[in-house]
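One structure is given below, encoded as structure tokens.
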Amino acid sequence: MDRKHRHWVSSSYLDAWADPDCPAHYDPYVRIFARDGNEHTKRALQNIFHMPDLYTIFSEGGRDLSIENAFGQWEDGFVRVRNRLEAGQDISQEDVAALYVSTGAMLARPPHRINFISDQRAHVVEQARSIRIDPNVLPIPSLSKGPSMSLDEAQQLADHPMGTWFRDNLGANIEALASRFGCDVLINGPNIRS
């Protein structure tokens, strides 16, 4: 599978929206409507909601696909549960957990959400770098006793979301859904957090 062409709306979810009247010799497509609802175009599923290397972690010349691999496992779980529901079968607590994980991942995946958080972090770093300290004035003592980070480390959070904060954010989305709606979901496996 080509892991460079990544959908932020999972293809397993998009499949359900394919036009049922699509001719057999066509790739499955959806109808994309203008905001006013008047005009629409047909777009093949593989041509929408995607970006190259969206969830890839680049390090030392290599490509770490652990986030994408986790998404693939979770999508498989989602499809399994969807098939059971469509067949009118009962689902287990494990199946419910798979739905929470899939939904939590869908909330974290969109590029606009990733960019929003990265842009916030970049703005904080920019503001911090603009502060000028008078060397003749004693610094205010820190109230924080916890861990700290340098501006360069904070800049890494803005510049490299996949390799820094995205996994924790993804895990937090899944935890929030599970705790809010009453399901225990184990999310500390190697496929989610490093």
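Principal-axis analysis of the Cα atoms of the chain puts helix 66-86 at an angle of about 40° to the longest axis. Could you compute the longest span of the chain free of GluC sites (Glu not before Pro) located in DSSP loops and having at most 10 other Cβ atoms within 10 Å, not counting the site residues? That gives 61-194 as the longest site-free run.
Just to be sure I follow the definition: excluding the sites themselves, where is the longest run in the chain that has none of the trypsin sites (Lys or Arg not before Pro) in a DSSP loop with at most 15 other Cβ atoms within 10 Å? Free of exposed loop sites, the longest segment is 36-131. In the chain, the longest principal axis of the Cα atoms and the axis of helix 93-108 are about 60 degrees apart.
Distance between the modelled labels on Asp159 and Glu86, one decimal in nanometres: 4.5 nm (7 Å Cα→Cβ projection). Taking Cα atoms, how many degrees apart are the long axis of helix 166-181 and the longest axis of the chain, rounded to 10 and kept between 0 and 90? So the helix axis and the longest Cα principal axis differ by about 60 degrees. Connecting C-alpha atoms closer than 10 Å in a GNM of the chain, tell me which of Gln93, Gln155, Gln46 has the biggest fluctuation. Judging by the Gaussian network model, the answer is Gln93.
A simple count of charges around His123, restricted to other residues whose Cβ falls under 15 Å of its Cβ and scoring Lys, Arg +1 and Asp, Glu -1, yields -1. The ranking of Thr103, Thr56, Thr41 from fewest to most other beta carbons within 10 Å of each one's beta carbon is Thr41, Thr103, Thr56.
Bear in mind these aren't lab numbers, they're just calculated from the coordinates by the rules spelled out. Everything quoted here is computed from the prediction, not taken from an experiment. Reconstructed Cβ throughout: ideal geometry from the backbone, glycine too, with neighbour counts over all protein chains shown.
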